[in-house]
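Taken together, the values in this text are just the output of simple stated rules run on the coordinates, not laboratory data. In this text, all values refer to a predicted model and were calculated from it rather than measured experimentally. Don't worry about glycine lacking a Cβ; one is built from the backbone with ideal geometry, like all the others, and counts go over all protein chains shown.
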Amino acid sequence: MPVYLKEIDEYSELESVKSVLIIPCRFCPAASMAVRTNRPYFEFLRKFLKTAPYEELIETIKSNLEEKGVKADVFKSYWPHQFVVCMWTIRRRKKLLKRARQYDALVVLGCEAAVDTIHDAVKQTSCKVFQGMRSEGIMSIQPQFHLPCNISLELNNVTPLVHQAKHPVSWVGL
């Protein structure tokens, strides 16, 4: 039951920083992008464990920041156990802490739990942590296998989160 997320399009708070590290969670946001664009979640023979529409979103955010004169990079995860940010190990968090010291701000592409994980991991730095996606609800999905070796996700419904009506989220700097 992944969280259904939508990207936040407003980047005004980031225009005052010189460098940004984008930290993508590769589970819920990738599933959300696959569902929203009606494209495969995984194309094992083409992209292995990457979701094409999510990778495109990450690259678009990076390019938009660079066009505004902000140095931007992506904190990459290569192993499946590193994909879900809210479940990162101490070792992964330490690696982020070391890398984050080189940046003014971090943009977390993930849910509120991912943002909390990152905030806790880098609290020793002066980095500002920004939430780059907003939780809309919990998805009920059905995985589907398609030849040659693709997995797609069919959305049954999105159960709204209780807090949505009370506190709409924009770029939240912590």
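Structure notes:
- Flag if residue 140 is out of contact with any helix residue (DSSP H, G or I) (no Cβ under 9 Å at 6 or more places or on another chain), of a type in the set (Gly, Ala, Ser) and assigned to a strand (DSSP E or B): yes
- Single condition residue 101 does not satisfy, out of (1) in contact (Cβ under 8 Å) with a residue 40 or more places away in the chain; (2) closer than 19 Å to residue 14 by Cα: (1)
- Exclusive hit being in a helix (DSSP H, G or I), under 19 Å from residue 32 (Cα atoms) and β-branched (Val, Ile, Thr), set 115, 108: 115
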